[in-house]
Each structure stands twice: as C-alpha cells, then as structure tokens.
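The values are calculated or read from the model by the stated rules, or taken from the named source; none is laboratory data. Not measured: the values here are computed from a predicted model. Neighbour counts are summed over all protein chains in view; Cβ atoms, including those assigned to glycine, are modelled from backbone coordinates with ideal geometry. The protein model used for the area step is the full one, side chains on, heavy atoms only, and it has no ligands, DNA or RNA in it. Shrake-Rupley method; radii C 1.70, N 1.55, O 1.52, S 1.80 Å.
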Amino acid sequence: MFNKIIKRGQRKVSKPEANEDALYGGGASGNRNPGSVPASNVVVNHASRSMVSSSVPNSVPPAVTVAAAPPSPVVIEPLPLLRDIPVSERPHMFSRKIQICCVQFDFADQMSSLREKEIKRQILVELVEFVQSGSGKLSETMQEELIGMISVNIFRCLPPSSHENTGSESLELEEDETSLDPSWPHLQIVYELLLRYDPREREYLKTILHRIYGKFMVHRPFIRKAINNIFYRFIFETERHSGIGELLEILGSIINGFALPMKEEHKLFLSRALVPLHKPKLISMYHQQLSYCVTQFIEKDYKLADIVIRGLLKYWPVTNCQKEILFLGELEEVLEGTQPAEFQRCMVPLFRQIGRCLNSPQFQVAERTFFLWNNDHIVSLIAQNRNVIFPIIFESLEKNMRGHWNQAIHGMTANVRRMFNEMDAELFEECQRQYLEKEAGAQELEEQRQLTWKRLEAVAAQTGGEDMVMVN
C-alpha cells in the first residue's frame, strides 16, 4: 500500500502541465497504466451547460468543447467470452473489456455506431453475469478497473430539459410524461453491475467475520462488544448504517450457539441492544434478521419472553402503520414461544395494546391483529386467562361492530366474538352486561354535563346581560 502511495505521488504533475496535456493530448504515454482507460477518453458535450476553465488559452473560443485525442484509441471489436478462455488470460481480457465499456457514445444520434454500441452492451451483460456467478476471482487491480468503468459511465451531466432544447421557458411536461436518458440501455446494465458487485462483497465480509469469530475464541468478547457499539451508535446517535442487517445475520448464528444457562452478558445484550433496535424508523431494512435473533433468545430461554414483549410495547409505533404490522408479526412469533407463567406477567398491557390495534382505522393493522386468533398456541393462552383478557378485549370488539368502516373487519370481529361466546358463554354475557352499563353510565354523564352547561348559561344570561358570549 505504501508503494502505491509513492507511485501515485510520482505521477502527479503541476496544474499548468495538466492543463497543457488536457488541451493538446501531451504527456508521456509510457507512464500510463496499460490496463486502465485514460480520463481523456471521456468527452461530455452538453449544449446548455458548456463551460471552459479559466486555464484554457484565449485562442480557444468559449463555445468550443475541447477534447484531447486519446494516446492509444480503444479498438471496439468482439472479444471472446471470459468463461471460454484460460484462467491465466482472464485478467488481461477483463481489462480489455473494461476499456471498451469506458468508451462513451452519442445516443442522441440513434443511427450512429450501432455495431459498437451493441458490442459494449453485450460486454456489459457478460460482466454482470461474470460478477454475479462468482466463477472468477477479482484481484485488487480488476476491482479498481471495474469501479473506474462504473464511475465513467454513471457520473455524467444530465441531458438538457425540454425548454433548454426549444428555448421556451413556459413549456412544461405532462404530469405522466417521463424524460428518459437516451443512454439508459447501457446505464441500466452498469447500475445492475454495481448492484451485483456490492452484495458479493457484503457476503464475503459476513463470511470472514463469522469465521474469525468461530476460529479465535479469545476475540469473541471483543467482536460482540464492537457489534454492540455499532448498534448503540445507530440507535441513539446517527440512525445511519448500511450493515445492520448483515451484522444481525451473523448474530443469529452466534446466538444459536450460546450455551445454557445463558450468561448475564447475553441477556443484557438482548435488553440493551436488540430490543432498542425496534426504535429506529428504518427497521424495515433489517426487521427480518432482528426478529430471528429475538426468537432465538426465547427458544434458548423462554423466561426472556417477558422482556421482549415489554420492549415491543415500549417502542410500539403510534403513527407508522407499516411498522406496526411488522411488530404484530414479530409479536406472534414471540408468543408462540411464550409459556403461561411469562404470559401472565405481561398480558394486561399486551392486550390493551392489542385492543387499540383492533380498533385501528387502518384496516391492514386491524386485520393483522385478528390473525393472532388463527394461532392455536395464542388461543390456548387466551383461554387459560380469559377472565382477565375478555373484559379488556370486549369493548374493542363492540366498537368495531358498531363503527368500523371496513366490512372485512366486521366479519373478523364477529368470528372472534363467536369464539369468545363458545369458549365461555357466562363470561361473555357478563362482559356484555358490564359494557352496556358502562355505556349507559357514560351517556348519563354526558347528559349531566350538558345540563350543567345549560344552567351556567342561564345564570350568566340573568347576571351578565348582553355582554355574555354564548359557546355551543
């Protein structure tokens, strides 16, 4: 790495020399890397945004776009496929293909360079397949060339808008009309190549970290602590990190190997790191991996279910319906591994929240909540504790029957009411009687409040005269 830095420092030239080379194509070609494409091959012409640097001599008119002639023009010709040549020749062939893919074409003229455009497109498709298959090892030099080619293609000036082409400022596009870049047939494949390259690197990093954790037992506490710190920074400071899902995937297999009885350190990791990971807005990016880690803890030690359920209730979303649906799905998985003793500790606040979800005006939230009654284990837990749960849920069910706008929710509510009635008809009737008494008491209280206001208005009218302001 130090030698590379020295070599790069030796290749630096002064600004006057660089400007002269850019204008006249100067510079010793022997110092160039034969496997890379010179930056002077890339020419961007933009009619509406042409600008010339102050370092350009006065003899060059400002309206003229100056391009340097490449020292060694790239010959665009069909090349053999990488999979059809010996492994020893692949790096050189890879560099030649990268050079061709760095060549820019004028897509505004659809009839020009048709053969060359098609050759570049086919090479880009081949590179996508080559990177995705993992059949060939990409050396550091090959990776640098690949990223350089991607940069040359995607970092460009955007095409001029319609009013720049016509000179009309008042011309506006239709609402559904989309302005497409003419070079998109090539750009789309380049972006696809970038997407294929990045996940491959992530998979390697996950495998390497997991193997290090497995081989070097002495470093395991340090690795867990480092992951903890990343989670803490993400949760409480930045909420920005691109590898939370990958770290949770590694932790899923690590948690699966925890010995029993579980160490206090691992329990603290669950309560202080994994449970607070439900707080960030970007939970949808890693929720599947997070839910797997949480359920692994409960499968190891079912007594931790109470900590997880209370943590979910603590971070339960109020206005984010999609996040609420994720929470309900995870809650079902947690309840599947919950034993009756742990369920009884948290069932009152849990079913108060479930009752609010049943009354949600967002029908997907209410629907996902009713799906909990399709789980036999959850229904058995409810049946065992029906004397506590029925009175909490009954009011929500009655509100749905009387006022929910969605007909599907009405049907699901009726099914759950019928299930409660079949489970314990006497308790169902008692809950119904208490609900009617509560409704009657609330109506009577409202009538008394209205009567009190009328009396106050009457007294004020007698004493205050015309200066009184009436509020209805």
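Before moving on, here are some points about what is shown:
- Within region 440-458, the residues that satisfy the criterion of being open to solvent by 70 Å² or more (accessible area, probe 1.4 Å) and under 28 Å from Ile393 (Cβ atoms) are Gln443, Glu444, Leu445, Glu446.
- Tallying residues that are acidic (Asp, Glu) and more than 17 Å from Ser396 (Cα to Cα) within region 348-384 yields 1.
- In region 385-408, residue nearest to Glu422 (Cα to Cα) [restricted to those that are of a type outside the set (A, V, I, L, M) and loosely packed, with under 14 Cβ neighbours inside 10 Å]: Asn387
- The sole residue among Tyr286, Tyr292, Tyr302 that is buried (at least 20 other Cβ atoms within 10 Å of the Cβ), closer than 25 Å to Gly257 by Cα, in contact with a Gly (Cβ under 9 Å, 6 or more places away or on another chain) and of a type in the set (Phe, Trp, Tyr) is Tyr286.
Quick grid of which residues meet (1) aromatic (Phe, Trp, Tyr); (2) out of contact with any strand residue (DSSP E or B) (no Cβ under 6 Å at 6 or more places or on another chain); (3) at pLDDT 95 or above:
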position: Met401; (1), (2), (3): no, yes, no
position: Trp405; (1), (2), (3): yes, yes, no
position: Met412; (1), (2), (3): no, yes, yes
position: Asn415; (1), (2), (3): no, yes, yes
position: Met423; (1), (2), (3): no, yes, no
position: Gln432; (1), (2), (3): no, yes, no
position: Leu436; (1), (2), (3): no, yes, no
position: Ala440; (1), (2), (3): no, yes, no
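- Candidates Arg368, Arg352: the one that is open to solvent by 60 Å² or more (accessible area, probe 1.4 Å) and within 22 Å of Gly329 (Cβ to Cβ) is Arg352.
- With respect to (1) open to solvent by less than 50 Å² (accessible area, probe 1.4 Å); (2) assigned to a helix (DSSP H, G or I), the lone exception for Arg418 is condition (1).
- Unique match (being surrounded by 14 or more Cβ atoms within 10 Å (Cβ to Cβ) and under 21 Å from Ile392 (Cβ atoms)) among Leu270, Leu335: Leu335
- Out of Ile382, Ile378, sole residue that is under 20 Å from Lys303 (Cα atoms), open to solvent by less than 20 Å² (accessible area, probe 1.4 Å) and without any contact (Cβ under 8 Å) to a residue 40 or more places away in the chain: Ile382
- Of the residues making up region 245-266, those that are out of contact with any helix residue (DSSP H, G or I) (no Cβ under 6 Å at 6 or more places or on another chain) and part of a helix (DSSP H, G or I) are Ser253, Ile254, Glu264, Glu265, His266.
- Candidates Glu237, Glu203 - the one that is modelled with pLDDT of 90 or more, within 30 Å of Val275 (Cβ to Cβ), out of contact with any Leu (no Cβ under 8 Å at 6 or more places or on another chain) and open to solvent by 40 Å² or more (accessible area, probe 1.4 Å): Glu237
- Residue in region 168-185 that is at pLDDT 80 or above and either under 27 Å from the mean Cα position of the chain (by Cα) or hydrophobic (A, V, I, L, M, F, W, C) (or both) present: yes
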